[in-house]
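Working notes for the structure below.
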Amino acid sequence: MNAWLNRFPVSLPERLTSPEETAALELRSALPELAVSLEKKEEMGEGFCLRRVGDRIRLLGGETGLLYGAWFLMYFCRLGGGTLPDHVESAPRYSLRMINCWDNPDGTVERGYAGMSLFFRGGRLAWDPARIRTLARMMASCSLNVLCINNVNVHDPAQLLLEDGLPDLARLAAEFRPFGVRLMVSVDYSQPMRHGIPTADPLDAQVQAWWQETAARVYRAVPDLAGFLVKADSEGRPGPFTYGRSHAEGANMLAEALRPWGGMLVWRCFVYNCRQDWRDTETDRPKAAWDHYASLDGQFADNVILQIKNGPFDFQVREPLSPLLLGMPNTHKALELQLAQEYTGHQIDLYTMAPMWQEIFRDLPEDRIMAIAAVSNWGDDANYTGHPLAAVNLFTYGLLAWNPGVDPREIVSLWVRLTYDFSPEDKGTLVALMLSSRRVYEKYTAPLGIGWMVTPHDHYGPNPSGYEYDLWGTYHKANREAVGIDRTTSGTGYLDQYPPELRDRYENPRTCPDLYLLFFHRLPYAWRMKDGRTLIQRIYDDHFEGLRETLEMQQKLQRLPFPEEDRNIILERMERQVHNAREWCDVINTFFFRLSGVPDGHGRRIYD
Ligand code: GCU
């Protein structure tokens, strides 16, 4: 199953010449009864306009705009939305709507939960054209237009940028081009040093020349490459700090090399001290990105984009918005999301991200960023995303990147209607299940925004002390009386990084939303929550509820008439999710009970 695409079978010729041709063929195949004329208007770029004149439809758009317009029309007609309005116009909010694959040349995928890489095998680019084509259609059908094919941790950078590997890169780019998708590659900051240059110092003339030649070589092979993506000075990756240079100096050097070719340099801000001492109470990891970058505002070249994770930690189930996304007004910024369910259930547990992204866009004014990226959740599993229902996260992401103003719940509902031929009642049940899945997952894992009580490295299943005495700066400091880190202005000062309105809301535990309480505050177990329960009782209640709701979810899923191949996978994964939820519930409750000695107010079983 390829989720929603199954609805639109098409047979395309081996060679496609342009997105315009692709659009025409898709339309002819999906809507043969419709008279649609395609009119290319370069100046419309990725935007499109649909005009209905009697029973004829004119689709106007730039090269890729025609393709997006075709998909719009195909969805509209397939969903039976009634008569097309006389005039529809649409253009993307963000011009770069990116997918970052964390694929390694050996074919493994870092944090991949859907099989092996679709791009690499045995140290080289190697792919199955049919699968790549489906992937390209998937991207086009939800308006995604940039694909970074290799891991930000560049383990074996050799061939991608060199003469040897470029013909393959060019062929791969040609597979995606007719679908409006441009490739991007992750580069290793120290790469010149693999080529006889003794340094990677961005101010060194030899280094600059090496990158300029490299960019020229790569762009001769792939003239429409979107650019380079860089993880520097982060989790052991090399970067400009080694040479006493700032990240503006480091990024601008690469941006200069890309400039003649119109390439962008995407520079990640996931930079923090990953060798912290747990005894150190001064360093507070969520402060790191702001501390590194805020003072560099205005210093980055205009073809640099800083890519910032949605939260200040690392893709936890619940984190406040990273303050850096709200700052640096004179710098191009991109929001980075993670579709791969690293901390959110490994595509075993059901976890629909739409509600989480809705919260992000509630706090993030659309104009603060100019691009959007997400770590991919696909691999070579037959259905691409491992869990068939995880495909909704890819689809929702694409449509939100086009228009973040749409209610993501509507997109989930649209996906369900496109993917399954269910009765209205069953569709309603599935949509409701999916929309509640994040909250259910949140209830049985680490409580109230505290995060990180997860099995180290693998990141599936509970281990409340797993990261407590480690180097990663991810501590909860639970003791007999209290839990959490005080991140208020009188605590670590993290809250000082926010605009006053958000800062004030979070600063006071009485106005701070409960679900963020332990992210920002250190509180005693006897703390009275807004509803009168104690903090410890709330922790117990959430965990028992999370497990109960998971069991209910299982019963409901069992009753839904999924097609056989989806059904088997969904139910088998649900079985594992129930086990995971029970494990989390018992381990977390036992952990807090043993520390606090406070029994559950309802006398439920907690292990001592
Ligand atoms: C997390 C993740 C790593 C990844 C890193 C990143 O730490 O566990 O696998 O490399 O994020 O985003 O760079």
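The values are calculated or read from the model by the stated rules, or taken from the named source; none is laboratory data. These numbers come from a predicted model, not from an experiment. Cβ: placed from backbone, ideal geometry, glycine included. Neighbour counts: every protein chain shown. The protein model used for the area step is the full one, side chains on, heavy atoms only, and it has no ligands, DNA or RNA in it. Shrake-Rupley method; radii C 1.70, N 1.55, O 1.52, S 1.80 Å.
Checking each residue in the stretch 504-527 for being touching a Ser or Thr at 6+ places or on another chain (Cβ under 7 Å) and charged (D, E, K, R) picks out R505, E507.
Filtering the stretch 114-124 to residues that are open to solvent by less than 30 Å² (accessible area, probe 1.4 Å) and either within 16 Å of the ligand (Cβ to nearest atom) or closer than 14 Å to Q159 by Cβ (or both) leaves A114, S117, F119, F120, G123.
One residue stands out in the stretch 231-255 among those that are in a loop (DSSP other than H, G, I, E, B), away from the ligand (no atom under 12 Å from the Cβ) and in contact with a helix residue (DSSP H, G or I) (Cβ under 7 Å, 6 or more places away or on another chain): the one that is least open to solvent (accessible area, probe 1.4 Å), namely G239.
In the set (1) within 16 Å of the ligand (Cβ to nearest atom); (2) of a type in the set (A, V, I, L, M, F, W, C); (3) surrounded by fewer than 21 Cβ atoms within 10 Å (Cβ to Cβ); (4) in a helix (DSSP H, G or I), C274 fails one condition alone, (4).
Kindly check whether there is at least one residue in the stretch 187-202 that is open to solvent by less than 40 Å² (accessible area, probe 1.4 Å), modelled with pLDDT of 95 or more and within 30 Å of A70 (Cβ to Cβ). Within the stretch 187-202 (the criterion being open to solvent by less than 40 Å² (accessible area, probe 1.4 Å), modelled with pLDDT of 95 or more and within 30 Å of A70 (Cβ to Cβ)), the answer is no, since none of the residues qualifies. When the stretch 88-108 is filtered for residues that are open to solvent by less than 30 Å² (accessible area, probe 1.4 Å) and either out of contact with any strand residue (DSSP E or B) (no Cβ under 9 Å at 6 or more places or on another chain) or within 15 Å of the ligand (Cβ to nearest atom) (or both), the ones remaining, listed by number, are M98, I99, N100, C101, W102, D103, N104.
A single entry from R182, R111, R137 fulfils the requirement of being within 16 Å of the ligand (Cβ to nearest atom) and either under 23 Å from L96 (Cβ atoms) or in contact (Cβ under 8 Å) with a residue 60 or more places away in the chain (or both): R111.
Determine whether the stretch 362-373 contains at least one residue that is over 18 Å from the mean Cα position of the chain (by Cα), part of a loop (DSSP other than H, G, I, E, B), modelled with pLDDT under 95 and more than 16 Å from the ligand (Cβ to nearest atom). Taking every residue of the stretch 362-373 in turn, at least one turns out to be over 18 Å from the mean Cα position of the chain (by Cα), part of a loop (DSSP other than H, G, I, E, B), modelled with pLDDT under 95 and more than 16 Å from the ligand (Cβ to nearest atom).
Taking the stretch 19-73 and the strands (runs of 3 or more DSSP E) fully enclosed by it, the elements with 3 or more residues that are open to solvent by 30 Å² or more (accessible area, probe 1.4 Å) are at 35-40, 48-53.
Scanning the stretch 74-87 for residues that are assigned to a loop (DSSP other than H, G, I, E, B) and either open to solvent by 70 Å² or more (accessible area, probe 1.4 Å) or among the basic types (K, R) (or both) yields a total of 2. Would you confirm whether or not the stretch 306-318 contains a residue that is part of a loop (DSSP other than H, G, I, E, B), out of contact with any strand residue (DSSP E or B) (no Cβ under 6 Å at 6 or more places or on another chain), among the hydrophobic types (A, V, I, L, M, F, W, C) and touching a residue at least 12 places away in the same chain (Cβ under 8 Å)? Yes, there is a match, as at least one residue in the stretch 306-318 is part of a loop (DSSP other than H, G, I, E, B), out of contact with any strand residue (DSSP E or B) (no Cβ under 6 Å at 6 or more places or on another chain), among the hydrophobic types (A, V, I, L, M, F, W, C) and touching a residue at least 12 places away in the same chain (Cβ under 8 Å). When P524, P513 are checked against the criterion of being under 30 Å from the mean Cα position of the chain (by Cα), open to solvent by 10 Å² or more (accessible area, probe 1.4 Å) and of a type outside the set (D, E, K, R), a single residue qualifies: P513. Of (1) in a helix (DSSP H, G or I); (2) at positive phi, L495 satisfies all except one. Which? The failed condition is (2). Against the definition (among the hydrophobic types (A, V, I, L, M, F, W, C), more than 22 Å from L229 (Cα to Cα) and either within 15 Å of the ligand (Cβ to nearest atom) or assigned by TED's automatic domain parsing to the domain that holds D128 (or both)), how does I305 come out, yes or no? No, not satisfied.
Note on the stretch 286-305: residues that are open to solvent by 10 Å² or more (accessible area, probe 1.4 Å), of a type outside the set (A, V, I, L, M, F, W, C) and outside any loop (DSSP other than H, G, I, E, B) amount to 4.
Quick grid of which residues meet (1) charged (D, E, K, R); (2) out of contact with any Phe, Trp or Tyr (no Cβ under 8 Å at 6 or more places or on another chain):
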residue: D280; (1), (2): yes, yes
residue: D284; (1), (2): yes, no
residue: A288; (1), (2): no, no
residue: D291; (1), (2): yes, yes
residue: I305; (1), (2): no, no
residue: G311; (1), (2): no, yes
residue: D314; (1), (2): yes, no
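Mind checking which residues of the stretch 426-466 are under 30 Å from G484 (Cα atoms), in a helix (DSSP H, G or I) and not aliphatic (A, V, I, L, M)? Within the stretch 426-466, S436, S437, R438, R439, Y441, E442, K443, Y444, P447, G449 qualify. Within the stretch 384-425, the residues that satisfy the criterion of being assigned to a helix (DSSP H, G or I), crowded, with 24+ Cβ neighbours inside 10 Å and among the hydroxyl-bearing types (S, T, Y) are T396, Y397, T419. Each residue in the stretch 125-167 was checked for being within 26 Å of A371 (Cβ to Cβ), touching a Pro at 6+ places or on another chain (Cβ under 9 Å) and surrounded by fewer than 16 Cβ atoms within 10 Å (Cβ to Cβ), and 1 of them qualify.
The listed residues are T283, T352, and the only one of them that is more than 16 Å from the ligand (Cβ to nearest atom), open to solvent by less than 20 Å² (accessible area, probe 1.4 Å) and of a type in the set (S, T, N, Q) turns out to be T352.
You will find that of L339, L324, L265, the residue that is assigned by TED's automatic domain parsing to the domain that holds Q212, more than 16 Å from the ligand (Cβ to nearest atom), touching a strand residue (DSSP E or B) at 6+ places or on another chain (Cβ under 7 Å) and open to solvent by less than 20 Å² (accessible area, probe 1.4 Å) is L265 and no other.
Kindly establish whether P223 is over 27 Å from H521 (Cα atoms), in a helix (DSSP H, G or I) and more than 16 Å from the ligand (Cβ to nearest atom). So P223 fails the test.
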